[in-house]
Amino acid sequence: MNTYILIYDSYVQFEIVLAAYFMKTQGEVYTLGLGSSPVNSCEGFSVNPAKTLQEVNVQDIDLLIIPGGETEEIVKEETLLKLLRDLDAAGKAIGGICGGVSVLKAAGILNNRSFVTNAGVEEENSGATSGANVMVDRNIVTALPNGYVDFALELGKLMNIYKDKADYKETIDFFKYFKTV
């Protein structure tokens with residue numbers, strides 16, 4: 001399984017660390033950049049993209065995760081928006097958390113779907129749902145920033161990383177409720 005995580009200047013690293021950890025248990029995790037230059041997370045980490053948008057195609061990706069951050073510029077990146085539309089058309093898994101949801105919306109892949117967003121739910125017929133930290137609609141998982149644990153858990157379910165119900169429950173107990181065995 002190949003998981004790609006979009007990184008861009010200001011991306012919020014903490015929102016996707018647990019999801020990356022879970023996905024790494026079942027395959028490879030790659031950072032995906034708009035270009036090849038290092039980017040800085042909002043936490044101040046400088047990270048080099050492993051791949052660029054120009055170097056990947058739909059067949060390479062099983063799951064694409066888009067973290068929050070200052071997305072005003074990346075929602076205009078047509079190469080990224082096209083990749084998202086192509087991934088969705090192929091039924092590939094896509095996750096967006098916090099501001100990352102706005103990128104999914106800009107690509108048009110949230111049309112006629114339920115999703116959560118921290119951008120507000122004022123838009124008429126937007127599909128945005130309030131009252132939940134995370135929402136799964138077919139192959140797309142969206143989450144609020146404080147839903148990062150639920151986001152990682154739901155991505156894990158979508159990608160079938162848990163051995164069985166007991167493994168899933170143990171994962172929830174440990175990472176969400178801090179219970180030890």
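Since every read-out is calculated from the coordinates, none of them should be taken as a lab result. As the structure is a computational prediction, the values presented were derived from the model and not from experiment. As a convention, Cβ positions derive from the backbone with ideal geometry for all residues, glycine included, and neighbour counts pool all protein chains shown.
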For the table LYS92/LYS169; LYS24/LYS92; LYS24/LYS51; LYS51/LYS176; LYS157/LYS179, the rows whose alpha-carbon distance is greater than 27 Å are LYS51/LYS176
Note on the stretch 1-53: alpha-carbon gyration tensor, axes a ≥ b ≥ c; rule is a/c under 1.5 for rounded, else prolate if a/b larger than b/c, else oblate; result oblate
Output ordering of 104-112, 160-168 (per-residue mean of other Cβ within 10 Å, highest first) is 104-112, 160-168
Where a ≥ b ≥ c are root eigenvalues of the Cα gyration tensor, a/c under 1.5 meaning rounded, otherwise prolate if a/b exceeds b/c and oblate otherwise, the stretch 1-106 counts as rounded
Note: ALA166 to VAL58 extended length (0.36 nm per residue) minus current alpha-carbon separation gives 35.6 nm
The stretch 142-180 scanned against label point 7 Å out from PHE14 along Cα→C-beta; backbone N under 16 Å for 144-152, 176
Subtracting the Cα-Cα distance of PHE178 and ALA89 from 0.36 nm times their residue separation yields 28.3 nm
For the stretch 1-138, averaging the sequence separation of alpha carbon pairs under 8 Å that lie six or more residues apart and dividing by its residue count, the contact order in percent is 21
Distance in nm between THR25 and ARG138 label points, each 7 Å along Cα→Cβ, equals 2.9
